[in-house]
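Reviewing the structure listed below.
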Amino acid sequence: MMHRTRSRARGLRRAAAVVEMALVTPLLLTMLFGIIEYGWVFTIKQTMTNAAREGCRAATLQDTTDTYITSVIKNYLCNTGQSTANYTITLVHGTTNDPTEKVTITVPYSKISLLGGFFGSTNWSLGSTCTMRKEGAN
C-alpha cells in the first residue's frame, strides 16, 4: 500500500511540473523574442545614427554632390543586410545665414521588424538626424 502512495505522489508531482512548464513557457518565449527584437531595433537605430553622421560628414565637405552623400549613407546602411530602398534619406543644405548641413534617415518599423506586429502596432518609424557646420563657412 505504501508503494502505491509514493508512486502516485511522484506522478502528481510530475503532472504539476508539466502544468507549470506549460504555463511559464509562453511567457519566457515572449520575453526572449522581445529581447531579440529590441536588440535588433537597437542595432538598426545605431547603424542609422552612424550612417547619418557619415553622410553629414560628407555633406560638410566643399563641392560635395547629393549623389555622393546618398551613396555614403547607403553604403553604411548595407551593413545591416537590409534593403536600402526601405530607408528615406533627407538632405537639408546650409545657406549663407545658416551654414549647417542636416541629414535625416527614417525607416518604417514594419520594414525592419523581425517579428512583424507580434508586439503591437508597426505604424511608426525609426529615425536619426545629424547636423554639422559646413567647412569653410564664415
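The values are calculated or read from the model by the stated rules, or taken from the named source; none is laboratory data. Quantities reported herein were computed from a predicted structural model and do not represent experimental measurements. All Cβ positions, glycine included, derive from the backbone under ideal geometry; neighbour counts span all protein chains shown.
General remarks:
- Residue among 90, 25 that is over 17 Å from the mean Cα position of the chain (by Cα), assigned to a strand (DSSP E or B) and loosely packed, with under 13 Cβ neighbours inside 10 Å: 90
- Members of region 1-22 that are modelled with pLDDT of 90 or more and exposed (fewer than 10 other Cβ atoms within 10 Å of the Cβ): 22
- Residue in region 46-66 that is surrounded by the fewest Cβ atoms within 10 Å (Cβ to Cβ), counting only those that are charged (D, E, K, R) and touching a residue at least 12 places away in the same chain (Cβ under 8 Å): 66
- Among residues of region 90-104 that are under 11 Å from residue 69 (Cα atoms), those with a Cβ under 9 angstrom from a residue that is among the acidic types (Asp, Glu) and not in a loop (DSSP other than H, G, I, E, B), sequence gap 6+ or separate chain, pair up as 91/66; 91/101; 103/54.
- Within region 54-90, the residues that satisfy the criterion of being in contact with a strand residue (DSSP E or B) (Cβ under 6 Å, 6 or more places away or on another chain) and closer than 19 Å to residue 125 by Cα are 73, 86, 87, 88, 89, 90.
- Residue satisfying all of: in region 93-138; charged (D, E, K, R) and either in a strand (DSSP E or B) or touching a His at 6+ places or on another chain (Cβ under 6 Å) (or both); surrounded by the fewest Cβ atoms within 10 Å (Cβ to Cβ) among these: 133
- In a residue-by-residue description of region 67-82, the property of being over 30 Å from residue 116 (Cβ atoms), of a type outside the set (Gly, Ala, Ser) and surrounded by fewer than 16 Cβ atoms within 10 Å (Cβ to Cβ) applies to at least one position.
- Tally, over region 58-87, of residues that are in a loop (DSSP other than H, G, I, E, B) and of a type in the set (Phe, Trp, Tyr): 1
- Filter pass, residue 107 being farther than 24 Å from residue 38 by Cα, among the aliphatic types (A, V, I, L, M) and modelled with pLDDT of 90 or more: no
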